[in-house]
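J.: Structure below; questions to follow.
The values are calculated or read from the model by the stated rules, or taken from the named source; none is laboratory data. From a predicted model like this one, the values you see are computed outputs, not experimental measurements. Cβ atoms come from the backbone with ideal geometry, glycine included; neighbour counts cover every protein chain shown.
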Amino acid sequence: MGKHAVKSEVRGPRSEVRRAVFLDRDGVINRALERDCKPYPPRNLEEFEILSDVPAACAKLTATGFLLVVVTNQPDVGRGTLKKEIVESIHAEMCRQLPIDRVEVCYHPGQGASECDCRKPKPGMLLRAAKELGIDLAQSWMVGDRWRDIDCGHAAGCRTIFIDRGYAEELRQKPHFSAGNLAQAADIILRESENS
């Protein structure tokens, strides 16, 4: 099972249908470390840098009633090349700086070494958060910078936004929208939500 953290109070009464924006972490919220046109996670808290457009974009989304749920694969923990405590310290700092309602993490190693329901592109992290927080997935969004994020959003029944960072990998499913960063993605979400 993936690890998740929940802030003690989630905005909005439990009885009403909630909408969420599910956010991939590396490359969406923080700068991914790139080598050979491939993204890698920060190895420590010092390397964790929230992208400049992210705080305002998050504030805009929460001001209009969206919950913010970070959903991130962190397979290096399962592979033994990154300590879980480092990932948890990064998430604590991220939640200190941003109005994140929940963090869902898959620590499984992937690469055929684990069968879990939570590693993106499987939708387990989104489904679990939706069940526990009362989120309507059809009114929610998945924002990510890799094919796994887009496929995961589709599998969960969310609308998807691809942030194109120019990595050396191809999408497998077509996203509903594309954007250059989270600020542009937030503008798309707010525009489309007004029209629906």
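J.: Condition (residue is modelled with pLDDT of 95 or more, outside any helix (DSSP H, G or I) and buried (at least 16 other Cβ atoms within 10 Å of the Cβ)) applied to the range 84-96: is it met by at least one residue?
T.: No, because not a single residue in the range 84-96 is modelled with pLDDT of 95 or more, outside any helix (DSSP H, G or I) and buried (at least 16 other Cβ atoms within 10 Å of the Cβ).
Residue by residue, here is whether (1) surrounded by fewer than 17 Cβ atoms within 10 Å (Cβ to Cβ); (2) of a type in the set (A, V, I, L, M, F, W, C) holds:
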site	(1), (2)
154	no, no
159	no, no
163	no, yes
181	no, no
187	yes, no
191	yes, no
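J.: Sticking with this structure for a sec: Give the number of residues within the range 138-152 that are surrounded by fewer than 22 Cβ atoms within 10 Å (Cβ to Cβ) and closer than 20 Å to residue 19 by Cβ.
T.: Looking only at that region, the number is 2.
J.: Check residue 122 against each of (1) out of contact with any Pro (no Cβ under 8 Å at 6 or more places or on another chain); (2) farther than 16 Å from residue 23 by Cβ; (3) touching a residue at least 40 places away in the same chain (Cβ under 8 Å); (4) outside any helix (DSSP H, G or I) and name the one condition it does not meet.
T.: (3)
J.: Restricting to the range 133-151, name every residue that is polar (S, T, N, Q) and either free of Cβ contacts under 8 Å to residues at least 40 places away in the same chain or assigned to a helix (DSSP H, G or I) (or both).
T.: 139
J.: To continue, here is another question. Considering the range 147-194 alone, what residues qualify as being within 17 Å of residue 119 (Cα to Cα) and in contact with a Lys or Arg (Cβ under 8 Å, 6 or more places away or on another chain)?
T.: 147, 148, 149, 150, 151, 152, 153, 155
J.: Would you check if residue 75 is under 17 Å from the mean Cα position of the chain (by Cα), surrounded by 14 or more Cβ atoms within 10 Å (Cβ to Cβ) and over 23 Å from residue 18 (Cα atoms)?
T.: yes
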